[in-house]
Structure formats: structure tokens, C-alpha cells
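Here the structure is laid out as C-alpha cells; the discussion comes afterwards.
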Amino acid sequence: MRSTRRALAAVVGAAALLVASACGTGEDDDSTAAQVEVFTWWAEGGEKAGLDALVSRFTTACPGQQFSSGAVPGGAGVNAKQVLNARLQQNDPPDVFQVHAGAELLDHIDSGQIEDLTADFSTWGLTGTLPAGLIETITVNGKLWSVPVGVHRANVVWTNDQVLADSGILTAPKTLKEFIGNLGRLRRDGVESPLALGRDWTQLMLLESVLISDLGPKRFTGLFTGATKWEGEAVADAIDDYATVLGFSNADRDSLDWPQATRLLADGKAGYQMMGDWVGAELEAANFSGYDSFTFPGNGKAFQWLADSFALSSGAANPAGGRCWLQTVASPEGQQAFSVQKGSIPARTDAPTVGFSDYQLSAAADWKSGVAVPSCAHGSACSQPWQNAANAALGAFSTSEDKAALQSALAAAAKQFVRQG
Ligand code: GAL
């Protein structure tokens with residue numbers, strides 16, 4: 001293990017540290033191999049299964065290199081990003097690290113923390129095999145900075161079919177109003193928390209979905225480019241709707257990460273969970289099959305996307321090993337193996353779809369035909385400081401329920417962090 005752990009302690013404390021070092025994936029001891037530290041937040045369940053699939057391909061494709069896990073648990077990377085940023089500032093980088101494609105990369109690029117991978121993209125067969133829109137979002141200053149492995153959809157609602165059937169709910173709601181009606185029906189029937197929800201960033205996801213329904217995909221996207229105002233009636237109305245939906249969620253939401261909210265759903269304590277499509281893999285990993293999913297009511301054909309990607313640190317101790325990891329991640333077989341376990345769809349359009357679930361096949365079709373909208377909670381729309389500010393605003397609202405304060409905090413964050421062009 002490298003000296004890197006010292007920096008972790010300052011940020012997440014000893015408990016998280018223990019988990020992080022215990023969750024190494026595929027770290028068989030081989031004293032002759034060069035270590036490649038791969039930093040992620042995938043430490044358990046479907047997420048770890050996805051990472052393991054990549055590790056197994058890497059081990060075959062990169063002889064002489066040994067995977068070393070730098071996983072720091074915590075959904076959406078809330079803990080991992082803090083640890084990573086502390087390490088990068090102390091010139092103690094992992095070789096490669098997980099990052100969302102899109103605006104989340106901007107600060108790393110500005111600070112010179114990651115390598116330009118433009119030339120590698122063609123060597124690794126990524127030219128012409130990624131959707132044009134995705135290439136556009138990850139191109140900054142005319143260069144490519146991270147290798148996308150899989151695309152997830154954020155705006156999905158997951159169900160416990162038995163809980164819904166017990167209340168006579170047999171079809172997916174088409175509108176937000178209908179959804180709110182179903183939540184009310186569940187509560188009247190004794191389901192105390194009809195909607196399973198977790199901490200701040202999961203609440204931001206819910207707000208984003210409500211905003212897509214109320215503003216439509218174009219005006220929603222404009223919230224992150226400066227084209228749509230956060231001030232004013234349209235967002236205020238959406239915040240009203242958000243508050244109504246939030247009122248049907250579990251009271252302990254602020255202390256739960258997303259897998260614990262998924263557990264509430266699988267245990268029959270909730271009828272719905274609003275969460276990205278990594279939930280399918282988690283439910284499968286937990287052997288729970290009584291679920292279904294639908295696009296958030298009122299979102300129409302909007303496909304709120306995010307892409308998991310990997311970047312090469314500028315100060316990587318083992319850049320050759322890091323590049324071999326990235327090449328594995330870039331390969332069609334690596335992308336397929338990862339997605340089968342992770343519940344995503346490969347970023348490459350030419351990756352095989354063998355082993356995909358019906359859900360994944362339908363997500364792949366929707367990704368092609370739908371209206372792509374980015375996600376702030378998962379970095380395709382917002383830089384890291386913007387995400388942090390939005391998460392803090394949602395976390396505060398969860399206890400204060402002060403709608404005006406939420407709206408003005410979100411408006412202030414947009415003003416401070418929006419980047420034009
Ligand atoms: C997202 C990430 C997903 C999944 C999720 C929950 O940010 O892109 O792959 O891991 O967080 O942790």
C-alpha cells in the first residue's frame with residue numbers, strides 16, 4: 001500500500017479508511033508486479049461487481065501489472081471526491097481515478113491534474129465508436145480527458161410490485177399528479193414511507209426529475225447553461241411539487257445512502273424508489289426479483305444521462321499501468337463485462353450486448369432515441385463545487401422545508417458556478 005492512505009485519514013476518518021482498505025478487489029499478492037492504483041467509490045454490491053469485471057479483464061490484458069483498489073465507499077462519490085481532491089492537492093494521486101464525464105472534469109483539467117488522452121482515444125478504438133453527443137461533452141479545450149466506460153440513466157423509479165399490488169396499483173403512473181396520487185394511496189393503506197429516499201444528493205436527483213417534468217427537457221438543461229433562470233415562478237412551482245413528493249419519503253432519509261434506501265424497497269417498507277439504473281444491479285445482487293421500473297412520471301422521452309469514466313493522473317506513479325487500465329476500460333469487451341454487472345449500458349456503440357437484461361436493452365434503445373438531458377448530481381451538468389452547493393441546499397431543505405431558501409440557494413449556486421461556452 002502506498003503512502004496515499006495518510007491523506008485519507010484527514011478527510012473521512014478511520015472508519016471509512018478501514019472499509020476502503022478492506023475492499024480491495026483482486027489484490028492478490030504478487031511482489032514482482034507493478035501496482036496500479038485505481039481510485040473509485042465502488043466498494044459493494046452491484047458497483048463492486050462491475051469493478052470486479054473490469055479487474056478480471058485487466059489482469060488478463062495487462063500482464064506484469066497488478067490492480068490495487070483505492071475504493072472509498074459512499075454513493076455518487078460523495079466521500080471519494082473529497083479524499084481524491086485532498087490527495088491531488090498534496091501531490092499524492094492515484095494512478096487512475098473514476099470521474100463523471102462532463103462538467104465534473106473541469107476543475108481537474110483547470111488544475112492540470114489529469115492527462116490529455118486525445119491521442120490514446122484513436123489507439124484504443126474510441127474514435128467513431130462513442131455517440132457524438134458524449135464526445136462533445138467530454139471534449140474540453142479541443143481535447144479528451146477521460147475514458148467513458150458506461151452510461152447510466154438517472155431519472156428512473158423502481159418499484160416493489162407486491163407493495164403496489166396490495167394497494168391495487170398495477171400500472172406505472174404517467175404524470176407527476178398520478179404519481180403523487182399513488183404515493184397518497186400507499187400511505188392511506190398504511191405504508192408509512194411510500195417513497196424510499198436517501199441523503200442530500202439522492203434528494204437532488206429527485207428534484208432534478210421533478211424539474212424535468214415541470215420545465216421540460218430543454219428548459220431543464222438550460223438551468224445549467226444559464227439559459228433558464230432558477231429565480232421565478234416555474235422553478236418555485238417545481239419546488240412545491242418536489243416538497244409534496246418529498247413528504248412521502250422516509251423520515252430518516254438524511255442518514256441513508258442509496259443502497260439502504262434500496263433495501264427499504266426490497267424489504268417492502270416502500271413502494272417506490274427514485275434512483276439511477278444502478279439499482280437494478282443492486283437488487284439482482286441481493287436476489288430480489290419482485291421489482292419493476294419506469295421513467296420518472298412526466299419526463300416523457302428525456303433520458304437523464306451520466307457516464308462513468310476514468311482519468312489518468314498527471315503525477316501517476318505508474319502511467320504505463322494506468323494506461324493499460326484505461327485501455328481495458330476502453331475495450332468493447334471490458335465495457336460489456338462491466339455493464340452486465342453494473343446495470344449500465346456501454347459507452348461504445350459497438351460493444352456486445354450479450355448478457356444484458358431486458359431493462360438494459362430497453363435503456364440502450366432509449367439512449368439512442370430519447371432526448372438526452374444531463375445530471376447535476378452526477379456531474380454531466382455541473383462542476384464539483386456546483387454539485388456540492390446543490391447537495392448542501394437540498395440537505396438543508398430536508399430539515400428546514402424552507403422553499404424560498406432552497407430556491408435562492410440554488411439560484412446563487414448557478415450564478416456562481418455556471419460556465420458559458
Ligand atoms: C454515480 C455513479 C454510478 C453509481 C452511483 C451510485 O455517481 O456514476 O455508477 O455508482 O453513483 O453510487
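Going by what's in this entry, would SER289 be described as farther than 25 Å from LYS368 by Cβ and either touching a strand residue (DSSP E or B) at 6+ places or on another chain (Cβ under 9 Å) or surrounded by 15 or more Cβ atoms within 10 Å (Cβ to Cβ) (or both)?
No: the conditions fail for SER289.
Quickly run through segment 264-286 and pick out the residues that are charged (D, E, K, R), within 14 Å of the ligand (Cβ to nearest atom) and open to solvent by 30 Å² or more (accessible area, probe 1.4 Å).
Matches in segment 264-286: GLU282 only.
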task: Read through the list (1) of a type in the set (A, V, I, L, M, F, W, C); (2) over 18 Å from the mean Cα position of the chain (by Cα); (3) within 16 Å of the ligand (Cβ to nearest atom), then give the number of the only condition that ILE135 fails.
output: (3)
query: Out of all the residues in segment 329-384, which are of a type in the set (Val, Ile, Thr) and either under 15 Å from ALA281 (Cβ atoms) or open to solvent by less than 10 Å² (accessible area, probe 1.4 Å) (or both)?
result: VAL329, VAL340, ILE345, VAL373
- request: Mind telling me which of the residues GLY300, GLY322 ends up being farther than 22 Å from VAL210 by Cα and of a type in the set (Gly, Ala, Ser)?
  value: GLY322
query: Within the set of pairs 6 or more residues apart or between chains, which connect a residue that is under 23 Å from ALA392 (Cβ atoms) and among the small types (Gly, Ala, Ser) inside segment 72-98 to a residue that is open to solvent by less than 10 Å² (accessible area, probe 1.4 Å) and more than 16 Å from the ligand (Cβ to nearest atom) with Cβ atoms less than 7 Å apart?
result: ALA86/ALA7
message: Quick check on GLY77: is it on the phi > 0 side of the Ramachandran plot and surrounded by 22 or more Cβ atoms within 10 Å (Cβ to Cβ)?
response: yes
Qualifying residue in segment 379-395 (condition: under 21 Å from GLU233 (Cα atoms) and part of a loop (DSSP other than H, G, I, E, B)): no
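Can you report the number of residues in segment 33-42 which are open to solvent by 10 Å² or more (accessible area, probe 1.4 Å) and either within 10 Å of the ligand (Cβ to nearest atom) or modelled with pLDDT of 95 or more (or both)?
Looking only at that region, the number is 3.
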- line: How many residues of segment 210-226 are surrounded by fewer than 21 Cβ atoms within 10 Å (Cβ to Cβ) and over 13 Å from PRO374 (Cβ atoms)? The answer is 5
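Residues in segment 371-380: is at least one within 13 Å of the ligand (Cβ to nearest atom) and of a type in the set (A, V, I, L, M)?
In the first step, residues of segment 371-380 are kept if they are within 13 Å of the ligand (Cβ to nearest atom); the result is 374-380.
Cutting the leftovers down to of a type in the set (A, V, I, L, M) gives us 377.
Scanning segment 371-380, I find at least one residue that is within 13 Å of the ligand (Cβ to nearest atom) and of a type in the set (A, V, I, L, M), so the answer is yes.
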message: What's the number of the only condition in (1) within 30 Å of THR349 (Cβ to Cβ); (2) in a loop (DSSP other than H, G, I, E, B) that ALA119 fails to meet?
response: (2)
task: Go through segment 152-192 residue by residue and tally those that are within 16 Å of the ligand (Cβ to nearest atom) and either open to solvent by 60 Å² or more (accessible area, probe 1.4 Å) or in contact with a Ser or Thr (Cβ under 6 Å, 6 or more places away or on another chain) (or both).
output: 5
- prompt: Tell me, which residue of segment 51-74 that is open to solvent by 30 Å² or more (accessible area, probe 1.4 Å) and away from the ligand (no atom under 16 Å from the Cβ) is nearest to LEU256 (Cα to Cα)?
  reply: SER56
field: Residue in segment 353-363 that is within 24 Å of THR127 (Cβ to Cβ), within 14 Å of the ligand (Cβ to nearest atom) and small (Gly, Ala, Ser) present
entry: no
query: Can you name the condition, by its number, that PRO93 falls short on among (1) buried (at least 23 other Cβ atoms within 10 Å of the Cβ); (2) over 21 Å from the mean Cα position of the chain (by Cα); (3) in a helix (DSSP H, G or I)?
result: (3)
Hits in segment 57-90 - residues which are under 15 Å from the mean Cα position of the chain (by Cα) and assigned to a helix (DSSP H, G or I): GLY75, ALA76, GLY77, VAL78, ASN79, ALA80, LYS81
- prompt: Among the numbered criteria (1) out of contact with any His (no Cβ under 8 Å at 6 or more places or on another chain); (2) under 22 Å from ALA311 (Cβ atoms), which single criterion is violated by SER344?
  reply: (1)
query: Given the structure, is ALA389 open to solvent by 20 Å² or more (accessible area, probe 1.4 Å) and either within 30 Å of GLY247 (Cβ to Cβ) or basic (Lys, Arg) (or both)?
result: yes
task: Quickly run through segment 149-207 and pick out the residues that are without any contact (Cβ under 8 Å) to a residue 24 or more places away in the chain, small (Gly, Ala, Ser) and at negative phi.
output: ALA165, GLY181
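The values are calculated or read from the model by the stated rules, or taken from the named source; none is laboratory data. Treat the numbers as computed from the prediction; the structure is a model and nothing was measured. Every residue, glycine as well, gets a Cβ built from its backbone with ideal geometry; the counts of neighbours run over all protein chains shown. Side chains are part of the model used for accessible areas, which takes the heavy atoms of the whole protein and leaves out ligands, DNA and RNA. Shrake-Rupley method; radii C 1.70, N 1.55, O 1.52, S 1.80 Å.
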